[in-house]
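What follows is a set of notes on a single structure, which appears directly below.
The values are calculated or read from the model by the stated rules, or taken from the named source; none is laboratory data. Fair warning: this is a prediction, and the values are worked out from it, not measured in the lab. Every residue, glycine as well, gets a Cβ built from its backbone with ideal geometry; the counts of neighbours run over all protein chains shown.
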Amino acid sequence: MAIYILVKKLVKLKEIKKSLMVSVWFMFLTFPIMVIRVNTVKDIIEWRWKNMALVGVGTFVFSFLWRYFLEKKEMGDHDDESDEKSKVGLLDRIRGDKKLLIPCLILLAVFTIAFPFVFSLYQTNIMATCLIYIVIALGLNIVIGLAGLLDLGYVAFYAVGAYCYALLNHHFGLGFWTVLPIGAGVAFLCGILLGFPVLRLRGDYLAIVTLGFGEIIRLVLENWNAFSFGPSGIANIPKPGFFGLSLSLRWSTIYVYFLMVGLALFTIFVVNRLKDSRIGRAWIALREDEIACQAMGVDKTKTKLTAFALGATWAGMGGVVFAAKTTFINPASFTIWESIIILCIVVLGGMGSIAGVITGAFILILLPEYLRAFSEYRMLIFGVVLVTMMVFKPEGIISNVRRTYQFKKVKE
Amino acid sequence: MEYFLELFLGGLTRGSIYALIALGYTMVYGIIQLINFAHGEIYMIGAFTALIIASVLTKLGMGSFGVILIAFAAAIIYSSAYGFTVEKIAYKPLRNAPRLSALISAIGMSLFLQNYVLLAQTSDFLPFPSLIPEFEFVKPFSHIISSSEIVIIASTTIVMILLTLLIKLTKTGKAMRATAQDKDMAMLVGVDVNRVISTTFIIGSATAALGGILIASHVGQINFYIGFIAGIKAFVAAVLGGIGSVPGAVLGSLVLGWTESFFTGYVSSDYEDVFAFLFLVLILIFRPAGLLGRSTSEKV
């Protein structure tokens, strides 16, 4: 059906003319950067006319899709109400039906437990990384998705956790399990310390200040050699201990994997409970309308601060596990782009939705691992994902189900 | 004293460049209340275009004056075109969406443009030809100021004056001010709001491109990443002066340029960027409206 409409649109001459204009415009736009490449050292100029043809054809096709989806989105705003019922996704149907829910959960549990034994060590490692991202993305989800505060320096708390473990271990020999709560606590304190002055700011200022804060932390770690060992980082961080047993590489990887599964489950549980709690509802209300919320007697600063600090706590925990998993950290792991990848996960999956964030993490962390050939395009694609998601589907892949009251007609 | 003067002029140059970029931020923010994250990238693209066009023309054997003229023109035209297109793709569909959406879209655009240049060109630093000639009359003072610094300061001053005149006196400027005050009302009295927004993006991008070429030719090298830090710092400057206000952007840029210059000159150069960010945090805490901005309270 959709294809039919698309084809019917294609036939219109006006549309073709429009797309042709777009195509010519983009060929002009990308000419110096895509076609010419200069090597000022060797004084060679390379002409790549092939790229121009690619851009021309590509934008010609994309402009059709772009207009089609934009139109569809605008029309969709009207008939959304009518087929609300039929649009209930597979996930909600599973969630609603007990008969389906239980087998699905069992299947998922079996798969999770069997994963490291069925697949190779490499796969298990990737999966553990993915789980770390799930945990910290869920933490960021509290800040962005629930409370609506755009935090671009989130990775700073991640760094705080990681350095907490590395330094405490280096200087005092503290173990993983001791540092995990300490790291979380320090990140929590950092969240409050940073949050206290900046949370009075409006949304977009907050984004810039947190971005600045993230960069400050990274630059300090890079330059303060006496404290953080500078850009060379800290190596030989011990892996998490298992009651003092020394594990082989294989078993320690599997152990980290299960550790992350446990942490992820814990996070999902807590975030889910938080979402429906008094404070969670206050976050959502604050996100929707700050003034109305204050008028209803919600303490704005305190509510925002809790969201900020709780988000930071999860980043701190993720950081401790990250340091223990990779056994080596340096400031280069904590650039602003890391924050943006996490932001991407939350935005792609669906702000405020737990299932969405998990899906987002799987897509954005696992896909680039398996599509190694495209790895250099990774950040480019992330940029495209952010823009297109915001333009066409701001609620994400799996959108958050709003709590609503429904009045049902009683059958007589 | 001479060292002080050197730092003072260095700070002035730095501040002038920040001002050229900050203007774009402040104008766009004034009109659609959006932090245009991709603005730094527009500046970087301007510098890249100038470098590419200049290299090609030099290779073809054109005289240096023609090369400079065409490279400047090309950079300004291309940057404006990029600014215009970015607005059409990433911001226009989101004009009535929550501000968070537009901001995320802007971040995505910035990420995209950076990687686009990285993949299409190179990740290495490219040496940038010195497009600005050495003036004879600067020779005696060459230990404290170079001719490129003079050109930067002079062109910023000229751009500033032209822009102020444009906003104050012309019809376009009037339409801009009207749109900034109240978009709906401006539409009602017959202002073509879409066109005004496009014009703002084009003007902002053009000044950013100018800044891009000037700084690249002053520093002597560019890569795909220069836009990001410069963009953030220019934003700091715009906020410092009071975002939305054109004289504020200039004042903020100069203050930031001087503080950075003196800080690195007298204290330490390792923490230069830390200092800029710390400055931003402090301003926003103590004077969120900036030096020249008015604090407005939100009304229901």
### Query
Could you list, in sequence order, the residues of the stretch B:227-260 that are in contact with a Phe, Trp or Tyr (Cβ under 8 Å, 6 or more places away or on another chain) and polar (S, T, N, Q)?
B:S253, B:T259
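Residues checked against (1) buried (at least 24 other Cβ atoms within 10 Å of the Cβ); (2) over 15 Å from the mean Cα position of the chain (by Cα); (3) not in a helix (DSSP H, G or I):
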| position | (1), (2), (3) |
| --- | --- |
| A:I136 | yes, no, no |
| A:G145 | yes, no, no |
| A:D151 | yes, no, yes |
| A:Y165 | yes, yes, no |
| A:P181 | no, yes, no |
| A:P197 | no, yes, no |
### Message
Condition first: modelled with pLDDT of 75 or more and within 10 Å of another protein chain (Cβ to nearest Cβ). Can you find one or more residues in the stretch A:353-367 that meet it?
### Response
no
### Task
Could you identify the single residue in A:G262, A:G280 that is out of contact with any strand residue (DSSP E or B) (no Cβ under 6 Å at 6 or more places or on another chain), surrounded by fewer than 17 Cβ atoms within 10 Å (Cβ to Cβ), of a type in the set (G, A, S) and assigned by TED's automatic domain parsing to the domain that holds A:Y163?
A:G262
### Task
Hand me the list of helices (runs of 4 or more DSSP H) wholly inside the stretch A:265-333 holding 3 or more residues that are in contact with an Asp or Glu (Cβ under 8 Å, 6 or more places away or on another chain).
A:300-326
### Task
Kindly indicate whether any position in the stretch A:249-259 is within 30 Å of B:I285 (Cα to Cα) and more than 26 Å from the chain's Cα centre (by Cα).
no
### Message
Give me the helices (runs of 4 or more DSSP H) completely within the stretch B:185-288, filtered to those with at least 2 residues that are surrounded by 24 or more Cβ atoms within 10 Å (Cβ to Cβ), small (G, A, S) and at pLDDT 80 or above, ordered by residue number.
### Response
B:193-219, B:226-241, B:246-266
### Query
Only one of B:G11, B:G15 is touching a Gly at 6+ places or on another chain (Cβ under 6 Å) and buried (at least 24 other Cβ atoms within 10 Å of the Cβ); which?
B:G15
### Query
Consider B:Y116 against the criteria (1) among the aromatic types (F, W, Y); (2) without any contact (Cβ under 8 Å) to a residue 40 or more places away in the chain; (3) surrounded by 24 or more Cβ atoms within 10 Å (Cβ to Cβ): it satisfies all of them except one. Which criterion is unmet?
(3)
### Message
Every residue in the stretch A:288-303 that is crowded, with 17+ Cβ neighbours inside 10 Å and either modelled with pLDDT under 85 or more than 19 Å from A:I192 (Cα to Cα) (or both), please.
### Response
A:E290, A:C293
### Task
From A:G356, A:G352, grab the single residue that is part of a loop (DSSP other than H, G, I, E, B) and buried (at least 24 other Cβ atoms within 10 Å of the Cβ).
A:G352
### Message
Condition first: facing chain A (nearest Cβ under 10 Å) and crowded, with 19+ Cβ neighbours inside 10 Å. Now tell me which residues in the stretch B:59-80 satisfy that.
### Response
B:A74, B:A75, B:Y78
